[in-house]
Amino acid sequence: MRTLLIIDTAKLIKSLSRPNYSYISEESGDQIDLTRTFGGRGGRPIHISLPKQIKILPEVAGLFVGEGFFGRSIVFANSNEAAVEEVLEFLRQFNFPVKAYLEISTKDAQNSFVDKCLEFWHKQIDVEISRVRQRREFSNTTKHGTIHLIVNNSILSEVLDELIRQIKAKAENKKQISIGYLKGIIAAEGNINVKKTTGCVYMVRISAKKESERRHYKRCLERAGIKIFCKDMPTISGEEGIRMGWKTTSGRAGAVIISRWDNFIKIAELGLLDLSEDKKTKFSSYMLNNMFTKQFLEFSHFRHKDFTMKQAQEYFGFSGRKVNRLLTMWKWGYANRKTMGKHHIYRLNKSYESVFSLLQSLNKSDRPLASPLVERNL
């Protein structure tokens with residue numbers, strides 16, 4: 001269930017604070033007329049009208065934090081059509097013109113690639129694409145190039161910057177908001193890392209150059225119920241990378257690292273990859289290839305019945321690793337245990353059934369996003 005935040009625009013305006021600027025607001029019907037002046041200095045005032053209530057999904061806030069920019073204009077850039085549509089839907093409520101341009105890396109690409117990308121985005125969004133920027137120095141890493149959405153209004157940019165700042169704070173303190181917010185963050189800045197030797201997911205990382213950003217993401221993850229066990233991946237500058245003998249000259253942004261199977265299950269349970277079809281497909285495929293996942297599913301032979309360690313040993317051919325998995329599942333709460341005489345009797349419980357169903361569904365097509373749960377006056 002998604003949470004739709006409904007923000008009181010008048011309260012939001014009162015929080016605005018920019019050097020040398022003053023803000024005057026006045027209600028007019030279902031709108032608020034907002035004027036920005038230069039606080040007694042010269043300069044022409046700027047006027048805009050805003051809805052009395054601003055509606056925003058935490059997912060959109062996460063997308064803006066990961067791939068947005070607030071300056072003289074509002075800019076959002078992404079190659080994921082679902083993410084682009086979410087942001088467009090949010091921007092439509094303000095009735096400001098939205099411009100778009102397409103950026104495509106064309107090194108080693110076929111001549112028809114640019115036309116195919118344009119055709120794809122023309123079908124996906126109802127915004128005219130004013131130009132195409134070809135990056136001939138880079139090889140393409142996206143299916144259809146990257147769309148840049150732009151709204152040229154500095155005062156709206158200031159309002160939305162403050163809005164996102166407030167939602168970031170809420171995401172650290174309220175679980176339901178943190179879940180949606182992290183969906184946007186991971187769609188924008190998340191990566192699924194697979195170990196080549198085993199073909200398994202071994203970490204999900206969220207890129208963040210600044211240490212303060214990484215601390216913020218970790219607080220949101222912990223609020224959502226995901227524990228961080230690994231140290232952050234540090235940011236490496238281009239110069240440091242060269243000294244370390246790296247082939248790239250651009251360095252590397254730091255990242256928060258999510259590890260461990262139980263955290264990966266939590267990611268799937270919370271639907272944190274729902275905004276990125278490609279990332280979710282990759283995660284599902286390599287999660288199902290995980291050895292512990294396979295052994296977890298193999299224990300389904302014992303669903304709905306009591307069994308002993310001896311019976312598990314006989315079923316798995318006395319395989320030590322698989323039998324040890326039973327003890328792990330018991331310690332993690334997926335099996336109950338009781339003592340009868342000299343024997344421990346095990347039974348897979350509701351927690352096992354829940355995760356079993358989840359793993360079974362990972363290779364099925366995605367369900368549409370649920371209708372938002374409305375949360376007012378935030």
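The values are calculated or read from the model by the stated rules, or taken from the named source; none is laboratory data. Model, not experiment: these values are computed from the prediction. Virtual Cβ from ideal backbone geometry, glycine too; neighbours counted across all protein chains shown.
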Checklist entry - Hey, among the residues in region 162-185 that are among the charged types (D, E, K, R) and under 13 Å from Val60 (Cβ atoms), which one's surrounded by the most Cβ atoms within 10 Å (Cβ to Cβ)? => result Lys183
Checklist outcome for this item: Within region 196-250, the count of residues that are surrounded by 12 or more Cβ atoms within 10 Å (Cβ to Cβ) and of a type in the set (Lys, Arg) comes to 8
Checklist entry - Out of (1) in the same structural domain as Asp33 (by TED's automatic domain parsing); (2) within 21 Å of Gly68 (Cβ to Cβ); (3) in contact with an Asp or Glu (Cβ under 6 Å, 6 or more places away or on another chain); (4) not aromatic (Phe, Trp, Tyr), the odd one out for Arg135 is which? => result (3)
Checklist entry - So, in region 182-199, of the ones that are more than 14 Å from Ile267 (Cβ to Cβ) and out of contact with any Phe, Trp or Tyr (no Cβ under 6 Å at 6 or more places or on another chain), which residue ends up modelled with the highest pLDDT? => result Gly184
Item to check | Single residue of Leu288, Leu275 found to be surrounded by 18 or more Cβ atoms within 10 Å (Cβ to Cβ) and either more than 30 Å from Lys338 (Cα to Cα) or at pLDDT 95 or above (or both) | outcome: Leu275
Item to check | Evaluation of Leu102 against (1) more than 30 Å from Ile6 (Cα to Cα); (2) aliphatic (A, V, I, L, M); (3) surrounded by fewer than 17 Cβ atoms within 10 Å (Cβ to Cβ); (4) in contact with a helix residue (DSSP H, G or I) (Cβ under 9 Å, 6 or more places away or on another chain) (one fails), failing number | outcome: (3)
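Inside region 250-291, can you point out the residues that are of a type in the set (S, T, N, Q) and closer than 17 Å to Glu189 by Cα?
We begin by selecting, within region 250-291, every residue of a type in the set (S, T, N, Q); these are 250, 259, 263, 276, 281, 284-285, 289-290.
Answer for region 250-291, where residues must be of a type in the set (S, T, N, Q) and closer than 17 Å to Glu189 by Cα: Ser259, Ser276, Thr281.
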Item to check | So Val65, is it assigned to a helix (DSSP H, G or I) and over 20 Å from Arg2 (Cβ atoms) | outcome: no
Item to check | In region 231-272, the residues that are part of a loop (DSSP other than H, G, I, E, B) and under 16 Å from Val194 (Cα atoms) | outcome: Ser259, Arg260
Checklist outcome for this item: Reported set for region 242-280 where residues are in contact with a strand residue (DSSP E or B) (Cβ under 7 Å, 6 or more places away or on another chain) and over 30 Å from Phe356 (Cα atoms) is Gly251, Arg252, Ala253, Gly254, Ala255
